[in-house]
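S.K.: Supplied in structure tokens, the structure appears directly below.
The values are calculated or read from the model by the stated rules, or taken from the named source; none is laboratory data. The model shown is predicted, which means the values in this text are computed figures rather than measured ones. Counting neighbours? That spans all protein chains shown, and the Cβs are built from the backbone with ideal geometry, glycine included. Only protein heavy atoms, including side chains, enter the accessible area calculation; ligands, DNA and RNA are left aside. Shrake-Rupley method; radii C 1.70, N 1.55, O 1.52, S 1.80 Å.
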Amino acid sequence: SNFFNDTMVALMLHVSSPRWIILFLAILTLSGYLWSQNIGKNLLITLTAKSRNGQGRRRLTISLTNEKDLAANDDSNNHDEIETPSNRDPLAPIDICRDDRILSRVGDGSPPELLRLQPSPYCVSQKVLVYRHKPDYARGEDKHYVWDGLKKSDCLAETEKFKLSDTWIIVRSGENCDDVNRLIKMKVKQLCFYNETCFLPSWKIIELDYQDNPEKLRPCWNGLEIPLDKNNESVIPESNLKFYRRSMVVNRKGFMNDVGNVQLYYQNSNSTKPRTVYHIPYGVRSDMVLLVNQHLATTYNVDLPSTTKTPLNPVWISNRTIDVRYFWFSMARLCKGECESSQGRNDVAVALRNWKRTHQKYNVEVSLAGQKNEAGRQFPSKDYMDEMLHSKIVVVAQRDSHEDMYRLMEAFSSGALVFSDPMLFPPKWLVEGQHYVVYWSTSDLAKKLDHYLIKCPAERLKIANNGWNLVMQRYRSFHMMEDVVFGDHDL
């Protein structure tokens, strides 16, 4: 065995054509026997058939070479060198779970990247009237999405003169249908000057419904009347009357176990002429982007961007000391009456506590942070965003009564990997497995935590980076307002 392991044997055989085949088979048989006996396990067999020599015979060279000695004798092939992204063979397969090119970006000391948003594909100047809402008194969704979107958009400009406006946006107008219809007729009279026929193809009327539970306040979308001229012809096209709503379902209780239990709410059998209702989810809040920018500018000693339209990328920060973060009551007895309407959230909290018991070296936090309810919707909470910025994975879960919440986009803004329970109407541009992770049950949640946190940290970072870039390019307030005004699709 030492002979085969430490030396190279070269057999130069000069045989006639019929005989070399028999010898060749004999050599292969011997090699197979030696291999089965673990003799010469590292041998490299080289067969070379050269052309006929001057005497008309073939020359067959059979070399049994120790592979380790061959590597040691070849100075250009040093296998002891540690493989890094710079010397890796570009054709070699890459382990996505442990990709050094991704993992090495975390905490490498480089400043966070500044994302410059792409210009709007629309950019047709439009004057927008927001019915019965003023920016100084705006709250919640009106403040974060409608007014912030109009202010930051390169295409839209707010006006209070309804005669000059190209688009009307009506927010939560379910109780004001009659007032809206009277104002619409007033504009028609002023613009058409009592002409027999009148057509205003550029005028758009859009209703936005951001309610949590659509059963509490019926929207105005069946009550709005298309304005008519004296000949009872429509003054605006039917397609210019558009309706967007956030929560498209009622009663999600037990959704992960029984999809058929969910009821769609946007259909209305009383409508004499069915109208299309588009989905509009919550988007990225600019005040939360500002908190992230301030945190990164302070941490990395870089200049604070002059506007939140140029966000800093937080995905690669190194001080994410919380492995899994879930914002819910730490104990069921603290819930009071809120847990009764959030059984799905309670189940997720229990599942995470159980996962923590079997993975004690991982930091799993289940508790609330920041301000709750209306206060949390009005003002950004630094403590709340700091918790997300220190988390590798943020888990979100819907309420039993409706879909969508602020926290989904806030989690994306922090650069963490987002885990979400399934939604019938998720934000349109998000792709499961590419931008975020969907868990379909509490057991599936545990399996996917094992995969993305323990087995595949590089894949976790890659998906988190994809998700952050997508929401910053598609779900800012100005993106959504431009889609509402110029588009005809779900968001």
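S.K.: Any idea which of GLU340, GLU403, GLU374, GLU387 is modelled with pLDDT under 90, of a type in the set (D, E, K, R) and within 20 Å of the chain's Cα centre (by Cα)? Quick ask: steps written out before the conclusion?
M.R.: Details: GLU340 fails: within 20 Å of the chain's Cα centre (by Cα); GLU374 fails: within 20 Å of the chain's Cα centre (by Cα); GLU387 fails: modelled with pLDDT under 90.
Exactly one residue qualifies, and that residue is GLU403.
S.K.: What are the residues in the stretch 460-491 that are of a type in the set (Asp, Glu) and open to solvent by 40 Å² or more (accessible area, probe 1.4 Å), if any? Spell out how you get there, then give the answer.
M.R.: Of the stretch 460-491, the ones of a type in the set (Asp, Glu) are 482-483, 488, 490.
ASP488, ASP490 - these are the residues of the stretch 460-491 that are of a type in the set (Asp, Glu) and open to solvent by 40 Å² or more (accessible area, probe 1.4 Å).
S.K.: If you go through the stretch 440-459 one residue at a time, how many are over 18 Å from ASP95 (Cβ atoms) and open to solvent by less than 10 Å² (accessible area, probe 1.4 Å)? Reasoning before the result, please.
M.R.: So in the stretch 440-459, the residues over 18 Å from ASP95 (Cβ atoms) come out as 440-449.
Among the residues that remain, those that are also open to solvent by less than 10 Å² (accessible area, probe 1.4 Å) are: 445, 449.
Final tally of qualifying residues: 2.
S.K.: Considering ARG325, ARG357, ARG320, ARG345, which residue is at pLDDT below 95 and of a type in the set (Lys, Arg)? Step through it out loud before you land on a result.
M.R.: Values: ARG325 fails: at pLDDT below 95; ARG357 fails: at pLDDT below 95; ARG320 fails: at pLDDT below 95.
Every option except ARG345 fails the conditions.
S.K.: Going by the structure shown, is ILE322 open to solvent by less than 20 Å² (accessible area, probe 1.4 Å), closer than 22 Å to ALA464 by Cβ, out of contact with any strand residue (DSSP E or B) (no Cβ under 6 Å at 6 or more places or on another chain) and not acidic (Asp, Glu)?
M.R.: Details: open to solvent by less than 20 Å² (accessible area, probe 1.4 Å): yes; closer than 22 Å to ALA464 by Cβ: yes; out of contact with any strand residue (DSSP E or B) (no Cβ under 6 Å at 6 or more places or on another chain): no; not acidic (Asp, Glu): yes.
So ILE322 does not fit the description; no.
S.K.: Considering only residues that are closer than 19 Å to GLU141 by Cα and open to solvent by less than 10 Å² (accessible area, probe 1.4 Å), look in the stretch 168-207 and name the one that is modelled with the lowest pLDDT.
M.R.: First, pick out the residues of the stretch 168-207 that are closer than 19 Å to GLU141 by Cα: 168-176, 205-207.
Filter again for open to solvent by less than 10 Å² (accessible area, probe 1.4 Å), leaving 168-171, 173, 205-207.
On the way: TRP168: 86, ILE169: 86, ILE170: 82, VAL171: 79, SER173: 51, ILE205: 87, ILE206: 88, GLU207: 84.
Here the residue is SER173.
S.K.: Count, please, the residues in the stretch 208-228 that happen to be open to solvent by 20 Å² or more (accessible area, probe 1.4 Å), among the charged types (D, E, K, R) and either at pLDDT below 75 or in a strand (DSSP E or B) (or both).
M.R.: Number satisfying all stated conditions: 4.
S.K.: Report every pair of residues separated by at least 6 positions or lying on different chains whose Cβ atoms are under 7 Å apart, first residue within the stretch 233-246 and farther than 12 Å from TRP203 by Cα, second in a helix (DSSP H, G or I).
M.R.: Partner pairs satisfying both residue conditions: TYR244/VAL484.
S.K.: Pairs, please: C-beta under 9 Å, at least 6 apart or cross-chain, first residue touching a residue at least 12 places away in the same chain (Cβ under 8 Å) and within 14 Å of ARG116 (Cα to Cα) and in the stretch 297-324, second of a type in the set (Ser, Thr, Tyr) and open to solvent by 30 Å² or more (accessible area, probe 1.4 Å)?
M.R.: Pairs that qualify, where the first residue is touching a residue at least 12 places away in the same chain (Cβ under 8 Å) and within 14 Å of ARG116 (Cα to Cα) and the partner is of a type in the set (Ser, Thr, Tyr) and open to solvent by 30 Å² or more (accessible area, probe 1.4 Å), are LEU312/TYR300.
S.K.: Do you know which of the residues in the stretch 146-161 that are surrounded by fewer than 16 Cβ atoms within 10 Å (Cβ to Cβ) and in contact with a strand residue (DSSP E or B) (Cβ under 8 Å, 6 or more places away or on another chain) is farthest from LEU290 (Cα to Cα)? Outline the logic, then answer.
M.R.: Start the filter on the stretch 146-161 by keeping residues that are surrounded by fewer than 16 Cβ atoms within 10 Å (Cβ to Cβ), which leaves 151, 154, 157, 160-161.
Filter once more, so that each one left must be in contact with a strand residue (DSSP E or B) (Cβ under 8 Å, 6 or more places away or on another chain): 151, 157, 160-161.
Numbers: LYS151: 16, ALA157: 23, GLU160: 29, LYS161: 32 Å.
Out of the qualifying residues, it is LYS161.
S.K.: Mind checking whether some residue in the stretch 439-456 is in a helix (DSSP H, G or I) and under 30 Å from TYR122 (Cα atoms)? Walk me through how you get there before you give the answer.
M.R.: To start, the set of residues in the stretch 439-456 that are in a helix (DSSP H, G or I) comprises 442-455.
Going one step further and asking which of them are under 30 Å from TYR122 (Cα atoms), we end up with none.
The answer is no, given that none of the residues of the stretch 439-456 is in a helix (DSSP H, G or I) and under 30 Å from TYR122 (Cα atoms).
S.K.: Do you know which residues across the stretch 287-296 are open to solvent by 10 Å² or more (accessible area, probe 1.4 Å) and touching a residue at least 12 places away in the same chain (Cβ under 8 Å)? Step through it out loud before you land on a result.
M.R.: Of the residues in the stretch 287-296, the ones open to solvent by 10 Å² or more (accessible area, probe 1.4 Å) are 287, 290-291, 294-295.
Hits for the stretch 287-296 are ASP287, LEU290, LEU291, HIS295.
S.K.: May I pose another question? May I ask you to list the residues in the stretch 229-247 that are at pLDDT below 80 and surrounded by 15 or more Cβ atoms within 10 Å (Cβ to Cβ)?
M.R.: Result: ASP229, single match.
S.K.: From the list VAL437, VAL396, VAL431, VAL418, which one is in contact with a Ser or Thr (Cβ under 6 Å, 6 or more places away or on another chain) and either open to solvent by 50 Å² or more (accessible area, probe 1.4 Å) or β-branched (Val, Ile, Thr) (or both)?
M.R.: On the way: VAL437 fails: in contact with a Ser or Thr (Cβ under 6 Å, 6 or more places away or on another chain); VAL431 fails: in contact with a Ser or Thr (Cβ under 6 Å, 6 or more places away or on another chain); VAL418 fails: in contact with a Ser or Thr (Cβ under 6 Å, 6 or more places away or on another chain).
Being in contact with a Ser or Thr (Cβ under 6 Å, 6 or more places away or on another chain) and either open to solvent by 50 Å² or more (accessible area, probe 1.4 Å) or β-branched (Val, Ile, Thr) (or both) holds for just one of VAL437, VAL396, VAL431, VAL418, which is VAL396.
S.K.: Anything in the stretch 133-145 that is in contact with a helix residue (DSSP H, G or I) (Cβ under 7 Å, 6 or more places away or on another chain) and over 18 Å from LEU290 (Cβ atoms)? List them, or say none.
M.R.: Within the stretch 133-145, HIS133, ARG139 qualify.
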